[in-house]
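A short worksheet on the structure shown next.
The values are calculated or read from the model by the stated rules, or taken from the named source; none is laboratory data. All figures in this text were calculated on a predicted structure; none of them were measured in a lab. Note that we place each Cβ from the backbone using ideal geometry, even for glycine, and neighbour counts take in every protein chain shown.
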Amino acid sequence: MNSLSEANTKFTVDFFQEIRTLADNIFFSPFSISSALSMVSLGAKGNTAREIKDVLHFSEVTGEKTKTATTSQAEESGIVHQQFQKLLKEFNKSSDAFELRNANGLYGEKTFQFIQEYIDNVKKFYLANVESLDFANNAEESRKKINAWVESQTNDKIKDLFPDGSLDQNTILVLVNAIYFKGQWLQKFEKENTQEGTFWLNKDVSKPVQMMSQTKHFRFTSLEDEQAKILEIPYKGKELSMVLLLPNEVDGLQKLQDNLTAEKLINWTSAEIMLETEVQLRLPRFKLEKKCDLGDILKSLGMVDAFSPHKADLSGMSQDRRLAVTKVFHQSFVEVNEEGTEAAASTGVSIGVTSAPMLQEFYCDHPFLFFIKENKKNLILFFGRFASP
């Protein structure tokens, strides 16, 4: 298991458990969020750095918990930053099979002098767009410029990431992550097989949906203890896949979520557990758009000092002690149809070898979890819950 992908899976589950009560439908990119926060950790020191790395689970997977809080960032996190660099270079390559782009941006108030080594490292490891903007005198123009950059990086799917009034003259540092994915299914759903179906929100309430259908061989497993099943749909090129986690019962998602851990997710989706099986799959067409300020969520997860002007230690970024993170916004988009998936957030794929003897049914006609992953590294790029059309 690649250490960064394991850390990313742990952060994914932590983040989902933190936000799962906030809305019926959920969609976010854990990799996009963690790469942006890791840019901050590159310039953080002391307890500020330790909190960020603990939230992202970097410390445990790189063996850093044994080191002191004063150890330099270069010594402590070199492995993580180098892994990000390698992944980002791979992701931003064009492919005939799919399009996957990840872009990072760091925008600082121009009156703050950034340390050149930090700027160089952010560009080197995170391929980041680094700019100084005049928040103090022209926050509105700065807001529009950041939004335009995000829009250009996500094929116009993420618009107005920062709403009116979200940045002002007190803004000092803004982090932006943008990730875009568009891929075709390895085996497309035939449009003539799509029919109006019923999606059950619970045992008593349902809504009509356009239900896609196909019977093919997929990697599949049934989790008897969890009363749920998992299926993987590969995208063309087989480098990315969508994985569906479906409870057996209409109201079974609560139990599945309560029991969900990173360790279980890694085990459930392993090559030893998921076997190629003939499955009759029914999956609704759906589109989700989500937008949130991550500040309170990250504080609840344990990243507190970075947001405090009095406690933030970003001295690896700037010698000005007033520097603190003021906003971390995240916006995501996904559309799933017969052709494939378009997401301003990310995707994954994988296929097994053995086959099971009987035809399985996998009807996504009630709330389910899903994620898109990169198969080689087993890296979760997007994670979501579809609970209400």
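For the structure I just gave you, tell me whether V243 is part of a loop (DSSP other than H, G, I, E, B) and at pLDDT 90 or above. Outline the logic, then answer.
Working: part of a loop (DSSP other than H, G, I, E, B): no; at pLDDT 90 or above: yes.
When the stated conditions are applied, V243 does not pass them.
Looking at (1) touching a residue at least 12 places away in the same chain (Cβ under 8 Å); (2) under 30 Å from E90 (Cβ atoms); (3) in a loop (DSSP other than H, G, I, E, B); (4) not β-branched (V, I, T), which is the one condition that is false for E249?
(2)
Among (1) over 30 Å from E51 (Cβ atoms); (2) at pLDDT below 95, there is one condition A312 misses while meeting the rest; what is its number?
(1)
Inside the stretch 18-39, can you point out the residues that are outside any loop (DSSP other than H, G, I, E, B) and of a type in the set (D, E, K, R)? Spell out how you get there, then give the answer.
Applying the first criterion (outside any loop (DSSP other than H, G, I, E, B)) to the stretch 18-39 yields 18-19, 26-28, 30-39.
Correct list: E18 only.
Every residue in the stretch 283-313 that is buried (at least 18 other Cβ atoms within 10 Å of the Cβ) and over 25 Å from the mean Cα position of the chain (by Cα), please.
Correct list: A312, D313.
Since A178 meets every condition but one in (1) part of a loop (DSSP other than H, G, I, E, B); (2) in the same structural domain as F329 (by TED's automatic domain parsing), which condition does it not meet?
The single condition A178 does not satisfy is (1).
Would you pick out the residues in the stretch 1-49 that are among the acidic types (D, E) and either in the same structural domain as S308 (by TED's automatic domain parsing) or under 15 Å from L87 (Cα atoms) (or both)? Working first, answer last.
Pass one, the stretch 1-49, residues among the acidic types (D, E): 6, 14, 18, 24.
E6, the sole residue that qualifies.
Return the residues of the stretch 112-142 that are touching an Asp or Glu at 6+ places or on another chain (Cβ under 9 Å) and over 24 Å from S38 (Cβ atoms); say none if nothing qualifies.
Result: D134, A136, A139, E140, E141.
Yes or no: I266 β-branched (V, I, T), more than 22 Å from the chain's Cα centre (by Cα) and more than 22 Å from L106 (Cβ to Cβ)? Outline the logic, then answer.
Numbers: β-branched (V, I, T): yes; more than 22 Å from the chain's Cα centre (by Cα): no; more than 22 Å from L106 (Cβ to Cβ): yes.
Here the answer is no, as I266 does not meet what is asked.
From K123, K157, K191, grab the single residue that is in the same structural domain as G295 (by TED's automatic domain parsing), of a type in the set (D, E, K, R), in contact with a strand residue (DSSP E or B) (Cβ under 9 Å, 6 or more places away or on another chain) and farther than 19 Å from M317 by Cα.
Details: K123 fails: farther than 19 Å from M317 by Cα; K191 fails: in the same structural domain as G295 (by TED's automatic domain parsing).
K157 is the lone residue from the list that is in the same structural domain as G295 (by TED's automatic domain parsing), of a type in the set (D, E, K, R), in contact with a strand residue (DSSP E or B) (Cβ under 9 Å, 6 or more places away or on another chain) and farther than 19 Å from M317 by Cα.
Can you tell me which of E141, E131 is surrounded by fewer than 23 Cβ atoms within 10 Å (Cβ to Cβ), in a helix (DSSP H, G or I) and free of Cβ contacts under 8 Å to residues at least 40 places away in the same chain? Spell out how you get there, then give the answer.
Working: E131 fails: in a helix (DSSP H, G or I).
So the residue among E141, E131 that is surrounded by fewer than 23 Cβ atoms within 10 Å (Cβ to Cβ), in a helix (DSSP H, G or I) and free of Cβ contacts under 8 Å to residues at least 40 places away in the same chain is E141.
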